[in-house]
Amino acid sequence: MRRLILALVPALLAQVDTGIIGGTVRDAAGAVIPRAKVEVRNTGTGITWEVASNGDGIFVSPPLRSGEYVVQVTAAGFEQSARSLTLTVSQRVSLEFELKLGSVATSVDVQAAAAVLQTESATLSNLRGERQIKDLPLNGRNFANLIGLAPGAMPALTQTLGSPITMKRGVTGFALNGQRFQDNNFLLDGINNNENHNGLGILIFPPIEAIEEFRIESSVANAQFGRGGGGTVNLTFKSGTRDYHGGLFHFLRNSAFDARNFFDGAAVRKPPFKLNQFGGFVGGRLNPRAKDPKTFFFADYQGGRIRQAQSYVSNVPIAVFRTGDFSTAAQRVFDPLTQRRLADGRFERDQFPGNRIPAARIDRTG
């Protein structure tokens, strides 16, 4: 499992994996303030977008990647106001600014927490942030297992996941709110990430250290997502910031503490199992000398090694069976060349004498 992913910012931003910050600017009397200057700054990259409120005092930012932001509003004759917030993937945040009369040199800073009830969208969704992804236990480090923690999510029947390719990459079969799991839609940074092999899985399983967050749109998903009527899993990668960050990881599982298999007797050695998953990640500004960087990168790598033995119980023919002698078998053996149709429409055949197939009747190649 090897991959190298580079994320360059700014870029042509897709609509489905980005968020929007909007709101209204008013004065203390409740009157709207048109043409107010609104600066939206990403605290991680330092990149700033400028917009202005319209005649109704409303402002809307361009599509923004998830992250930490500061929104600062300035208008002539009013005190400056700023708010800090965390924007998540495909979230629409509405802010209300009330400016007080005074000098623009005076600033009012407010730490804005995201509203529990999202009034900007009718979509029901469930967010998995970076901390949850890294701290919650994940067998095999497959982020898709966290889909099962969403309200209305149920594991799909494993016998329907008949693709060996999908089983090797990891199971993603969860039905959301009673919909077929084949109707789910997986997006990676706004790009289709669906494996079209019977609709059973996804193409890229990123290392959990590379995931910024993902949102599970479980009901009334926005029309921009398209595809089916199931759930939409909208995942976004981490991106580099002004500062350099990186790390290494090594995940180990083995059979030292595993219970003995039911079919392994006391005299049989426990089948060995060893799984190693390892890698690293690094991100930052592309030009280390740039005072005001505009281009950033993020790269990650994950490798895996698995050594496993399994126990199987099977029936194999004894030596006399291989010669055609089934005299000791409970099952009767019939001669296919003696088949005939009876008057009532049924068929019958004669049993081999002594339940033994003549040696001349056994094909040497077979």
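The values are calculated or read from the model by the stated rules, or taken from the named source; none is laboratory data. This one's a predicted model, so the numbers in the text were calculated from it and none came from an experiment. Note that each Cβ is placed from the backbone with ideal geometry, even for glycine, and that neighbours are counted across all protein chains shown.
Looking only at residues in the range 224-267 that are without any contact (Cβ under 8 Å) to a residue 24 or more places away in the chain and exposed (fewer than 12 other Cβ atoms within 10 Å of the Cβ), the one that is nearest to Arg128 (Cα to Cα) is Phe257. For the range 271-295, the set of residues classified as of a type outside the set (A, V, I, L, M, F, W, C) and either in a helix (DSSP H, G or I) or farther than 21 Å from Asn139 by Cα (or both) consists of Gly283, Gly284, Arg285, Asn287, Pro288, Arg289, Lys291, Asp292, Pro293, Lys294, Thr295, listed by residue number.
This table checks each residue for (1) more than 27 Å from the chain's Cα centre (by Cα); (2) in a strand (DSSP E or B); (3) surrounded by 19 or more Cβ atoms within 10 Å (Cβ to Cβ); (4) outside the structural domain of Ala36 (by TED's automatic domain parsing).
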position: Asp56; (1), (2), (3), (4): yes, no, no, no
position: Phe59; (1), (2), (3), (4): yes, yes, yes, no
position: Pro62; (1), (2), (3), (4): no, no, no, no
position: Glu68; (1), (2), (3), (4): no, yes, no, no
position: Ala76; (1), (2), (3), (4): yes, no, no, no
position: Ser81; (1), (2), (3), (4): yes, yes, yes, no
position: Ser84; (1), (2), (3), (4): yes, yes, no, no
position: Ser90; (1), (2), (3), (4): no, no, yes, no
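Going by the conditions given, is Ala299 out of contact with any Cys (no Cβ under 8 Å at 6 or more places or on another chain) and surrounded by 14 or more Cβ atoms within 10 Å (Cβ to Cβ)? Judged against the criteria, Ala299 is a match. Residues that are assigned to a strand (DSSP E or B) and within 24 Å of the chain's Cα centre (by Cα) do occur in the range 236-243. Tell me, please, whether a residue that is in contact with a strand residue (DSSP E or B) (Cβ under 7 Å, 6 or more places away or on another chain), among the polar types (S, T, N, Q) and not in a loop (DSSP other than H, G, I, E, B) can be found in the range 173-183. No, the range 173-183 has no match at all.
Close Cβ contacts (under 7 Å, 6 or more residues apart or on different chains) running from residues in the range 44-62 that are more than 29 Å from Glu212 (Cβ to Cβ) to residues that are of a type in the set (Lys, Arg) and in a loop (DSSP other than H, G, I, E, B) comprise Ala52/Arg35; Ser53/Arg35.
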